[in-house]
Amino acid sequence: MTLLTIYMPSKRSLAGSRDAIESALAYAEHADARLIVSDNSGDMEKRRWLEGRSPRLQAVVSDAISAADNWRPAFGLVRTPFLLPMGDDDIVSFREDEEPVDLASLPADVIGARPVTQIWTLADGVRQTERFPLIETTPGGRLSEYSRKARGNNSSYYSIFRAAPFLSLMRLFVEDHPTKGGYIDWAICLALFASGRVLHDPSLIYRYDLGRWAEADSLRQTKAKLFTNAGLPEDAEKFWGLLLFLDLYVLLARLPLDAAARQDANVASYRMFLKPFLNSVVETPERFDETTCYIAGLVAAEQQLDTVFQLSVYLSDCIRLGLKDGYIRFFQAASAA
């Protein structure tokens, strides 16, 4: 029985994505997996190349404009219990001398397995290698563990996850998120990690191409573009802790967690993301307008977490007018599922 689907949204041309696709196919053959490529490149040569390439490959011609919308085909096409998202500029490979994680026998409290992740650049090759699992027993503990181990790098998004919760969060994001910003990968990963432990698969190697994230100058520009592409101000990064807290709170409402687990994760999220943002407003008020400073003060003084969330939703209108209503609809959609 095939247990794993590799899902690759791909906007690059054949020249830009061929190595990634061929590596994914080689791994699919090795691991008895499927590969789905959702191609919105418009490259006819690539489409011809994909046709009949392998019985393990399903190529979908997509007319999606955004990266988020190019995820839509996955919602109806992934039929395996596990999913590995993959970038079309990355490379996967495997080690035959290492024992892979047995996906069929994963305990119910395990949400997935992360590979050996190689952080790679064209100029330097492999800059660092990550091999850590997430094994803390509480949702908040795993959020803290990930923050400590990841060191600002969210390459763990490219891991093997249980498909049902992953796709549930992606569907909610694509259909209902108020900005559909490309920064959502952090909140999606953290929500999944809150819902279960993550093992380490030493047999799977994922080479993550840093690209424009590699250098300081391009890093600043790339970060700003994440927000401007989502219709937010160029300086919206200063609201990052607020946005992450809001997104994670809503995504956790979609997952089948009990009330105690969800509370534990949200308390950790408040401490790790929202509280530092609130502190930054107090410490550098000149960076924020008067309304932001006032509402941030109300949030900081509140003790009830559900009220903290409600006030934070109001605070989001200080980033962009109308965002509050978008987050209300987003939360309603998550809660209705």
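The values are calculated or read from the model by the stated rules, or taken from the named source; none is laboratory data. Computed from a predicted structure; not experimentally measured. All Cβ positions, glycine included, derive from the backbone under ideal geometry; neighbour counts span all protein chains shown. Accessible surface is based on the protein model in full, side chains and every heavy atom, while ligands, DNA and RNA are left aside. Shrake-Rupley method; radii C 1.70, N 1.55, O 1.52, S 1.80 Å.
Could you compute the FRET efficiency for Ala301 and Arg127, with r as their C-beta to C-beta distance and R0 at 51 Å, rounded to 0.05?
That pair, Ala301 with Arg127, gives E of 0.75.
To the nearest 10 square angstrom, how much accessible area does Phe239 have with a 1.4 angstrom probe? Roll a 1.4 Å probe over it and Phe239 shows about 10 Å². Dividing the summed -39500 (n - 2.57) terms of all DSSP H runs of n ≥ 4 by the residue count of the chain sets its mean residue ellipticity at 222 nm at -14000 deg cm²/dmol.
Dipole of the chain computed with +1 at Lys/Arg Cβ and -1 at Asp/Glu Cβ about the Cα centre; of Leu210, Leu83, Ser159, farthest Cα towards the positive end is Leu83. Taken over the range 236-328, the percentage of Cα pairs per 5 Å bin, counting from 0 up to the bin with the maximum distance, is 2, 14, 27, 26, 17, 8, 4, 1, 0. Sorting Tyr314, Tyr327, Tyr249 by accessible area puts them as Tyr314, Tyr249, Tyr327; the probe is 1.4 Å, largest comes first, and only protein heavy atoms count.
Once C-alpha pairs closer than 8 Å and six or more residues apart are averaged by separation and normalised to the residue number of the chain, the relative contact order reads 17 percent. Here the simple spin-label model places points 7 Å from the Cα toward Cβ, and for Asp325 and Arg48 these points are separated by 4.9 nm.
Just check the range 148-304 against the gyration tensor rule for me: Cα atoms, a ≥ b ≥ c as the square roots of the eigenvalues, rounded for a/c under 1.5, and otherwise prolate or oblate depending on whether a/b exceeds b/c. Kindly include the intermediate steps, with their values, before the conclusion.
On the way: a/c = 1.81, a/b = 1.22, b/c = 1.48.
Oblate shape, in that a/c is at least 1.5 and b/c is the bigger or equal ratio.
Rolling a 1.4 Å probe over the heavy atoms of the protein chains gives the range 116-158 an accessible area of 48 Å² per residue.
For the chain, the share of accessible area belonging to carbon and sulfur comes to 51 percent (1.4 Å probe, ligands and nucleic acids excluded). The translational diffusion coefficient of the range 1-113, from Stokes-Einstein at 25 °C and 0.890 mPa s with a Kirkwood hydrodynamic radius over alpha carbon pairs, comes to 168 µm²/s. Between Thr137 and Asn229, the modelled labels are 4.2 nm apart [label points 7 Å from Cα along Cα→Cβ].
Can you pull a Stokes-Einstein diffusion coefficient for the chain at 37 °C (0.692 mPa s), Rh from Kirkwood over Cα pairs, as a whole number of µm²/s? It diffuses with D of about 158 µm²/s by this estimate.
For the chain, a simple Cβ point-charge model (Lys and Arg +1, Asp and Glu -1, everything else neutral) yields a dipole of about 260 debye relative to the Cα centre. Ranked from largest to smallest solvent-accessible area, with a 1.4 Å probe on the protein heavy atoms, Met44, Met1, Met272, Met170 come out as Met1, Met44, Met272, Met170.
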